[in-house]
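Just so you know, all these numbers are worked out from the coordinates, no wet-lab data involved. Fair warning: this is a prediction, and the values are worked out from it, not measured in the lab. FYI the Cβ positions are ideal-geometry reconstructions off the backbone, even for glycines, and counts take in every protein chain you see.
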Amino acid sequence: MEEFIQQLTNGLAVGGIYALIALGYTMVYGVLKLINFAHGDLFTYGAYLGLTLLTSLALTDRLGFVLGIAVLVLMVMGLAAVLGAILERAAYRPLRESPRLSAVVSALGASIFLQNTLMLIYGARFQVYPDDILPTATLNFFGLYLPLMRVLIVLASVVMMAALYLFIQKTRIGTAIRAAAIDQSAARLMGIDVNRVILLVFLVGPALGGVAGLMVGLYYGQVNFTMGWIYGMKAFTAAILGGIGNIPGAMVGGLLLGVIEAMGAAYISIAWKDAIAFCVLILILIVRPTGLLGERVADKI
Amino acid sequence: MKRFEPFAIALFAALLAVAPLFLNTYQVDVLNSIGLYALLALSLNLILGEAGLFNMGHAAFYAIGAYTAAILNTRYQVPILWTLPLSGLIAGLFALAVARPVVHLRGDYLLIVTIGVGEIVRIALVNDVFGLTGGANGIFGISRPKLFGFVIRQPQEFYYLIWGFVALTIFLFLRIKRSRFGRALNYLREDEVAAEGSGINTDYYKLAAFGLGAAWAGMAGTLFAAKMTIISPESFSFWESVVLFMIVILGGAGSIAGILLAAFLVIGLPELFREFAGARMLVFGLVMMVMMVVRPQGLLPARGR
């Protein structure tokens, strides 16, 4: 039982991270019907930027742990959002009217470019987060010992998801995003500036993805320039699992995939851990391509 | 322009035929790599270029061919070139089995699924599936190919084996392209709904493209295993699939000449600029982005007939 709950909470922590990344995929897909292959790399940038800012500015020494990390999160979010906007401008906007394949190839090119830029700057080796900064305490819940960092990650991702959900559902801008996702030309006729909506999506998505990268750095203590690819694929799986284009779906899908993967790694085989996520991806696309929460949309002919 | 084409092709073929006489062993080896990639890209072209199916897991089929050949050769002492038909067959059947349930998926969904298939195959190879694949170390001690009692050992000898196979492939694929089958694939790529409306069994043709392309990649895998004598899962990573995808797109989907040119550029150019090896992928990424804006149809696009 103890083992089960440890795996469950670990799965939720990883799943929260997947969900935060998946939100970026699903929002972009909702508005542009494009798989933003470079999103996983913006996640990696978040992890590396976090590491650089954490060590060079010594935020936690100056401001204390809680405030220091909060400032760090905001800085990473801001920088990742700027990168996202640049990406949209450079790689996707020129191809807005092009066939699908062109946009997909450009997205892949952007992903390869971003990844290798990072490699040339930092080198190909794993980068290690300083372990003396992070809390290593464990919390005792009725005799169950959970690492503090894991609890914080679950909490932080849930808070951010809730904030995004409220933003999308309750604000005027959020309504505009939802409208543009349903029908771009009708939204334009209603006076919504679709270009601004797209830009906004490319600010919010990478900001959340960047924080997810920072979380991975803080949780596992080490980051690698290629990690965005595998996390990106899994987060995309999570987005499809929940129903692509569907924001609550991405949250549910992320948490679910994290738990499935943790359970699979614990009770089936750890060597096949990465394959489990891909099997989930293939199964869901065969059985229910609209995802768990996705509505059935008639194919446009 | 069209008038000079036969001469250009003849000149190119003649240059390739005599090239090993003037080049050193290293340069011939680079040409061998180019030939293998050209072969793989041509097989992917059948799926991606002719039929317009986004397949980014082509390395999986290549891997299955290479491993089939290596297992048959090291365990059952089957001469490596004799395994060619069987590696092709197994890779093709595998492609049919995995493509059957997903082939109706729309463009980028298919892309994601094929990436997933490619990764699952690679992970299976690393995990020594069925105790046959040798895990992360792979399989070594694959014997040299023998052709009519002549053992092929030197890169110069492999050169003629590989490029001979490329020539055969080009001949066959040109015939396919001009056949009823090839036209059906092109119709699918241009407008699937119209194709279906005209009585083309879309699922059948899509699967046929997948099976044939994968079978060809499997045979290229056999040649790879024979050339290297050692194979391991890292030779069949996701990036191999990306490089093949890129060769087809950069050259011009559906254009055999374009794909050959792109294979020379993508595989050959980095060898000329070895001191910048670290920046190689960076440049590729940039080129992919710029090409899609400036020249999305590829360097030498296929001409309509």
Task: Longest exposed-site-free window of chain A, the sites being GluC sites (Glu not before Pro) in a DSSP loop that have at most 12 other C-beta atoms within 10 Å - done: A:98-294
Task: Alpha-carbon centroid distance for the pair segment A:1-27 / segment A:182-232, whole angstrom - done: 18
- [ ] Would you work out the charge dipole size for segment A:2-287 about its Cα centre, treating the Cβ of every Lys and Arg as +1 and the Cβ of every Asp and Glu as -1, and quote it to the nearest 20 debye?
- [x] 820
Task: Sorted by Cβ neighbour density within 10 Å, fewest at the top, the residues A:D41, B:D128, A:D183 - done: A:D183, B:D128, A:D41
TODO: Determine the shape class of segment A:1-53: with a ≥ b ≥ c the square roots of the Cα gyration tensor eigenvalues, call it rounded for a/c under 1.5, and otherwise prolate if a/b is greater than b/c, oblate otherwise.
DONE: oblate
TODO: Pick out, from B:M246, B:G258, A:V73, the residue whose Cα sits farthest towards the positive end of the charge dipole of the protein assembly as shown, with +1 on the Cβ of Lys and Arg and -1 on the Cβ of Asp and Glu.
DONE: B:G258
TODO: Report the one residue of B:N55, B:S198, B:L174 whose Cα lies farthest in the direction of the positive end of the charge dipole of segment B:30-237 (charges on C-beta: Lys and Arg +1, Asp and Glu -1; origin at the Cα centre).
DONE: B:L174
TODO: Per residue of A:277-286, count partner chain C-beta atoms within 10 Å of its C-beta, then hand back the mean as an integer.
DONE: 5
Open item on the list: Is there a quick way to get the dipole size of segment A:71-167? I mean about its Cα centre, with the Cβ of Lys and Arg at +1 and of Asp and Glu at -1; what is the value in debye to the nearest 20?
Closed with: 300
Task: Cleavage-rule hits (chymotrypsin sites (Phe, Trp or Tyr not before Pro)) in segment B:215-290: DSSP loop, at most 15 neighbouring Cβ within 10 angstrom - done: B:F273
Task: Gaussian network model of chain A, Cα within-10 Å springs - most flexible of A:R288, A:R89, A:R62 - done: A:R62
Open item on the list: Is there a quick way to get the dipole size of segment B:41-136? I mean about its Cα centre, with the Cβ of Lys and Arg at +1 and of Asp and Glu at -1; what is the value in debye to the nearest 20?
Closed with: 120
Open item on the list: Using a Gaussian network model on chain A with a 10 Å cutoff between Cα atoms, which of A:M119, A:M77, A:M161 fluctuates the most?
Closed with: A:M119
TODO: Rank these for me by crowding, A:F43, B:F22, going from fewest to most other beta carbons within 10 Å.
DONE: B:F22, A:F43
Task: Residue among B:Q27, B:Q156, B:Q77 with the largest mean-square fluctuation in a Gaussian network model of chain B, springs linking Cα atoms under 10 Å - done: B:Q77
